[in-house]
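The values are calculated or read from the model by the stated rules, or taken from the named source; none is laboratory data. Treat the numbers as computed from the prediction; the structure is a model and nothing was measured. Don't worry about glycine lacking a Cβ; one is built from the backbone with ideal geometry, like all the others, and counts go over all protein chains shown.
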Amino acid sequence: MLLCVVAGAALSGGLYAARAQNQTVLEPTQVRHTAPYHVADTAPDATAYLPPPPVAGTARQQEDDTVFAQTRALQGSARWALAQADAVEHIPAMLKGFSCAAGFVLDADKAPHLVALLHKVRQSEKADVKLAKDHWQRPRPFVGTHEAVCTEGDRWRLSSSGAYPSGHTTWGWSTALVLSELLPERSTALLQRGRVYGESRIICGVHWVSDVQEGYLVGAAEIATMHGDADFRADMEAARAELAILKAHGTQPDAQTCAIEEDAAHHSPLTPSP
């Protein structure tokens, strides 16, 4: 497994730590539709379509254990700092994190339709993810250890929250899918960034590999189901028009930030050791 520490990690880590700590919470004050995009009778049930989480003695759990142990060596690196920044779930932070992949700055203040759409997507997914977490109640990898996690302030809260599947990964992959549909010419980079966003949870030490892998599947299931809702489709078109204007008059993302994200994409924590 390759454990890459980017050159200039101290500078880069400071850049990402500042981003993680200084995010302004700018959720939309008005959302056109307040009801979720799907309801109980149409929401996909992850407890039925996901396999159960790995158990001790299985190959999947062995992989989970190995990757958790190996990624602790990344503490203090630029990749660790990126994982800290990715842990910030607020929509402006999420859009900023996808700006390099989009090719222009996704400014939440200039994209109210997109922000409202993502806000509603997130609200629609929360109950489904919680149902699955509560069903399996899988402990997180750091529980019962003194191993470092990238968001120490969340250690106590997360220790009582189920690990399987990863809600952060579900949210990040859903965002990648939405943006890929809205910006199809950037779909490869956006999906790559969505994968990295999920892997940040592994680097953080707050999720097992299998939590993240199934989080991608939950995100895909959620967005697929939402496409059956007319409000979702209408909101997507409004966001598409908004992004076209923003792209035409947008600014370029920070080059150093983009380099760090690109490096992370090429050094997955799942890369086998030579």
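Counting residues that are out of contact with any Lys or Arg (no Cβ under 9 Å at 6 or more places or on another chain) and within 14 Å of residue 205 (Cα to Cα), which helices (runs of 4 or more DSSP H) fully inside region 70-116 reach at least 1?
Values: elements: 78-86, 91-97, 99-102.
Where helices (runs of 4 or more DSSP H) fall fully within region 70-116 and carry at least 1 residues being out of contact with any Lys or Arg (no Cβ under 9 Å at 6 or more places or on another chain) and within 14 Å of residue 205 (Cα to Cα), they are 78-86.
Show the residue pairs meeting these rules: Cβ distance below 9 Å; 6+ apart or different chains; first residue within region 54-68 and farther than 14 Å from residue 270 by Cβ; second residue surrounded by 16 or more Cβ atoms within 10 Å (Cβ to Cβ) and polar (S, T, N, Q). From residues that are farther than 14 Å from residue 270 by Cβ, the pairs are 54/61; 54/210; 55/61; 61/210. Within region 181-209, the set of residues being surrounded by 19 or more Cβ atoms within 10 Å (Cβ to Cβ) and among the acidic types (Asp, Glu) comprises 199 only. For region 135-160, a residue qualifies if it is touching a residue at least 24 places away in the same chain (Cβ under 8 Å) and part of a helix (DSSP H, G or I), and the qualifying residues are 135, 136, 154, 158.
Does residue 222 qualify as being acidic (Asp, Glu), without any contact (Cβ under 8 Å) to a residue 12 or more places away in the chain and part of a helix (DSSP H, G or I)? Spelling it out, it is not the case that residue 222 is acidic (Asp, Glu), without any contact (Cβ under 8 Å) to a residue 12 or more places away in the chain and part of a helix (DSSP H, G or I).
For region 175-198, state whether one or more residues are among the aliphatic types (A, V, I, L, M) and closer than 19 Å to residue 131 by Cβ. Steps first, answer last, please.
First, pick out the residues of region 175-198 that are among the aliphatic types (A, V, I, L, M): 176-179, 182-183, 189-191, 196.
Then keep just the ones that are closer than 19 Å to residue 131 by Cβ; that gives none.
Within region 175-198, not a single residue is among the aliphatic types (A, V, I, L, M) and closer than 19 Å to residue 131 by Cβ.
Candidates are the residues of region 74-104 that are of a type in the set (D, E, K, R) and either modelled with pLDDT of 95 or more or surrounded by 21 or more Cβ atoms within 10 Å (Cβ to Cβ) (or both); the one that is nearest to residue 117 (Cα to Cα) is 96. Restricting to region 115-149, name every residue that is touching a Gly at 6+ places or on another chain (Cβ under 8 Å), under 19 Å from residue 93 (Cα atoms) and surrounded by fewer than 24 Cβ atoms within 10 Å (Cβ to Cβ). Correct list: 126 only.
Residue-by-condition table, conditions (1) part of a helix (DSSP H, G or I); (2) crowded, with 17+ Cβ neighbours inside 10 Å:
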residue: 211; (1), (2): yes, yes
residue: 231; (1), (2): yes, no
residue: 238; (1), (2): yes, no
residue: 243; (1), (2): yes, yes
residue: 260; (1), (2): yes, yes
residue: 269; (1), (2): no, yes
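Criterion first (of a type outside the set (A, V, I, L, M, F, W, C), under 26 Å from residue 104 (Cβ atoms), touching a helix residue (DSSP H, G or I) at 6+ places or on another chain (Cβ under 6 Å) and free of Cβ contacts under 8 Å to residues at least 40 places away in the same chain) does residue 187 satisfy it? Steps first, answer last, please.
Details: of a type outside the set (A, V, I, L, M, F, W, C): yes; under 26 Å from residue 104 (Cβ atoms): yes; touching a helix residue (DSSP H, G or I) at 6+ places or on another chain (Cβ under 6 Å): yes; free of Cβ contacts under 8 Å to residues at least 40 places away in the same chain: yes.
Criteria met by residue 187.
In the condition set (1) touching a residue at least 40 places away in the same chain (Cβ under 8 Å); (2) over 30 Å from residue 187 (Cα atoms); (3) among the aromatic types (Phe, Trp, Tyr), residue 104 is compliant with all but (2). Selection of first residues in region 31-48 that are polar (S, T, N, Q) and of second residues that are modelled with pLDDT of 90 or more and not in a loop (DSSP other than H, G, I, E, B), restricted to Cβ pairs under 8 Å at least 6 apart or on distinct chains, gives the following pairs, ordered by first then second residue: 42/225; 47/131; 47/132; 47/135; 47/136.
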